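Remarks on the structure that follows.
The values are calculated or read from the model by the stated rules, or taken from the named source; none is laboratory data. In this text, all values refer to a predicted model and were calculated from it rather than measured experimentally. Glycine also receives a Cβ, built like all others from the backbone with ideal geometry; neighbour counts cover every protein chain displayed. Please note that ligands, DNA and RNA were not included when accessible areas were found on the heavy atoms of the full protein model with its side chains. Shrake-Rupley method; radii C 1.70, N 1.55, O 1.52, S 1.80 Å.
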Amino acid sequence: MSWVCARAAIQGAKRTSDLIPLCHPISLSSVNVEFSCLSKATQWNARRVPRRSGETGVEMEALTAVSVALLTIYDMCKAVDRGMRIEGVRLMEKRGGKSGHWQAGPDA
């Protein structure tokens, strides 16, 4: 299952500009996708670390990739529980670009 979700995340990252209005296409140099199963296999954590060289950030690509990966997990598991929730999709850290380094606060 994890390779399917990883592929979904990578495709989501690559197609971000097709999915998000006014989001410009960028060239990604690498994509690192990590999944971890939390508490009794009922909770999943998805983390994506995109890389690119240049002056623009990749936060929209990261958020899109994680969302698409989690929607893929939902699609594969909906026969077991249609009441699943996707929660807490957010940016944790951003480095580079015009705005420099940003990190979520301690309540993250």
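Of all residues in region 1-40, those that are in contact with a strand residue (DSSP E or B) (Cβ under 7 Å, 6 or more places away or on another chain) and more than 15 Å from residue 63 (Cα to Cα) total 6. In the set 100, 12, 54, only one residue is open to solvent by less than 40 Å² (accessible area, probe 1.4 Å), modelled with pLDDT under 85 and not basic (Lys, Arg); that residue is 100. Annotation note: Cβ proximity below 9 Å between a residue of region 1-12 that is part of a helix (DSSP H, G or I) and a residue that is open to solvent by 70 Å² or more (accessible area, probe 1.4 Å) and hydrophobic (A, V, I, L, M, F, W, C) (sequence gap 6+ or interchain) occurs for 4/76; 5/44; 5/76; 8/71; 12/19; 12/71. When we screen 90, 47, 85 for residues that are modelled with pLDDT under 85 and open to solvent by 60 Å² or more (accessible area, probe 1.4 Å), the only hit is 47.
Name the single residue, out of those in region 58-67 being of a type in the set (A, V, I, L, M) and assigned to a helix (DSSP H, G or I), that is surrounded by the most Cβ atoms within 10 Å (Cβ to Cβ). Before the answer, list the steps.
First, the residues of region 58-67 that are of a type in the set (A, V, I, L, M): 58, 60, 62-63, 65-66.
Cutting the leftovers down to assigned to a helix (DSSP H, G or I) gives us 60, 62-63, 65-66.
Details: 60: 19, 62: 24, 63: 18, 65: 29, 66: 24.
Taking the candidates together, the pick is 65.
Restricting attention to region 83-108, the residues being farther than 19 Å from residue 59 by Cβ and touching a residue at least 40 places away in the same chain (Cβ under 8 Å) number 0.
Go through region 68-82 and give me each residue that's hydrophobic (A, V, I, L, M, F, W, C) and either touching a residue at least 60 places away in the same chain (Cβ under 8 Å) or open to solvent by less than 60 Å² (accessible area, probe 1.4 Å) (or both).
Of region 68-82, the ones hydrophobic (A, V, I, L, M, F, W, C) are 68-71, 73, 76-77, 79-80.
Across region 68-82, the qualifying residues are 68, 69, 70, 71, 73, 76, 77.
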